[in-house]
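As structure tokens, the structure follows; a few thoughts come after it.
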Amino acid sequence: MNSFLVGLQFLTRIHISNETVWKDEEFGKSVIWFPVYGWIIGAFMCLIYFLLKPLDMPYLTAFLIVLGELFISGGTLADGLMDSSDGLFSGRSRERCLEIMKDSLIGSFGMLSIIIFINLFTLSLGSIDGLLYPILIAAPALGRLNLVISICEYPYRPKHAVAIASVFALLPALYFGFLYVILAGAALLLGLYLNRWIVGKIGGTTGDTYGFVNQVTEVFLALLYVLITRGNVWHM
């Protein structure tokens, strides 16, 4: 099975192939495409925005965009956000944190994290002064670049995976300009900090923490975009 299709099936609801089992090596090779999957998810969010923008209901539009991303992505990374929050914020030992993260039940920190994510993402998108297209592409693409960085020690990853994924993640800057580069720099700094913090907490990264890093990056970029555009730091 083509590595691109493996990753597409894992990170989105788009299942071009009916195959449900793949080799670890195939999945490892797919990581270079993660930002491209971000483009696809972002394009779906842009379509929702394009269709609803004439209604002039920014917060309802923003809410449906956020729900749209959760739908098209299958909620896999949101699940990682909730599981990681339960463990990382539990205040327990490293071993106990990992046990909590493996538990399929959602705890109070997990529930709180998804509520904060949905509300903060919605309020940020609804508060943006200007078109949403740049952030709707940047958030999922750069969030998934940070996901690549989180798993860069994956044993089956292709050589130079982070470098290749970075090129894909930065390509939208050719269209959206320097503002996109600013968002990318901020996303990378946040991703490096989050990964270091997670490693300090539990000794490494896991599938759940990948989702945590991605979702936190996305909502952070949306909030930063509001501060930049409404704070007159950048003139669109």
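The values are calculated or read from the model by the stated rules, or taken from the named source; none is laboratory data. This one's a predicted model, so the numbers in the text were calculated from it and none came from an experiment. Cβ sites come from the backbone with ideal geometry, for glycine too, and all protein chains shown count toward neighbours. Side chains are part of the model used for accessible areas, which takes the heavy atoms of the whole protein and leaves out ligands, DNA and RNA. Shrake-Rupley method; radii C 1.70, N 1.55, O 1.52, S 1.80 Å.
When segment 158-177 is limited to residues that are among the small types (Gly, Ala, Ser) and in contact (Cβ under 8 Å) with a residue 12 or more places away in the chain, the one that is nearest to residue 141 (Cα to Cα) turns out to be 169. Scan segment 197-211 for residues that are open to solvent by 10 Å² or more (accessible area, probe 1.4 Å) and either under 24 Å from residue 135 (Cα atoms) or of a type in the set (Phe, Trp, Tyr) (or both) and jot them down. Selection gives 197, 210. Report whether or not residue 71 is part of a helix (DSSP H, G or I) and over 22 Å from residue 131 (Cα atoms). Considered against the rule, which asks whether it is part of a helix (DSSP H, G or I) and over 22 Å from residue 131 (Cα atoms), residue 71 comes out as yes. Of the numbered criteria (1) under 22 Å from residue 146 (Cβ atoms); (2) in a helix (DSSP H, G or I); (3) open to solvent by 40 Å² or more (accessible area, probe 1.4 Å), the one residue 14 fails is (2).
When residues in segment 73-87 are screened for being in contact with a Gly (Cβ under 9 Å, 6 or more places away or on another chain) and farther than 13 Å from residue 99 by Cα, 7 of them pass.
How about segment 192-232: which of its residues are polar (S, T, N, Q) and part of a loop (DSSP other than H, G, I, E, B)? Those that are polar (S, T, N, Q) and part of a loop (DSSP other than H, G, I, E, B): 205, 206, 232. For residues in segment 101-122 being open to solvent by 30 Å² or more (accessible area, probe 1.4 Å) and touching a Leu at 6+ places or on another chain (Cβ under 9 Å), which is modelled with the lowest pLDDT? Filtering segment 101-122 for residues that are open to solvent by 30 Å² or more (accessible area, probe 1.4 Å) and touching a Leu at 6+ places or on another chain (Cβ under 9 Å), the one modelled with the lowest pLDDT comes out as 109. Residues in segment 49-68 that are hydrophobic (A, V, I, L, M, F, W, C) and open to solvent by less than 30 Å² (accessible area, probe 1.4 Å) were compared, and the one that is nearest to residue 117 (Cα to Cα) is 66.
Restricting attention to segment 31-49, the residues that are within 11 Å of residue 7 (Cα to Cα) and among the aromatic types (Phe, Trp, Tyr) total 3.
Among the residues of segment 178-194, how many are touching a residue at least 12 places away in the same chain (Cβ under 8 Å) and surrounded by fewer than 20 Cβ atoms within 10 Å (Cβ to Cβ)? Of the residues in segment 178-194, 6 are touching a residue at least 12 places away in the same chain (Cβ under 8 Å) and surrounded by fewer than 20 Cβ atoms within 10 Å (Cβ to Cβ). On the given criteria, is residue 148 modelled with pLDDT under 95, buried (at least 24 other Cβ atoms within 10 Å of the Cβ) and either over 22 Å from residue 49 (Cβ atoms) or among the aliphatic types (A, V, I, L, M) (or both)? Criteria met by residue 148. Touching a helix residue (DSSP H, G or I) at 6+ places or on another chain (Cβ under 9 Å), closer than 21 Å to residue 206 by Cβ and either at pLDDT 90 or above or of a type in the set (Gly, Ala, Ser) (or both): is that true of residue 42 in this structure? Taking the combined requirement at face value, the residue does not satisfy it. Selection of segment 97-147 for residues being assigned to a helix (DSSP H, G or I), out of contact with any Gly (no Cβ under 6 Å at 6 or more places or on another chain) and over 14 Å from residue 218 (Cβ atoms) yields 98, 99, 102, 108, 109, 110, 111, 112, 115, 126, 127, 133.
Residues in segment 73-87 that are in contact (Cβ under 8 Å) with a residue 40 or more places away in the chain and surrounded by fewer than 22 Cβ atoms within 10 Å (Cβ to Cβ): 74, 76, 78, 79.
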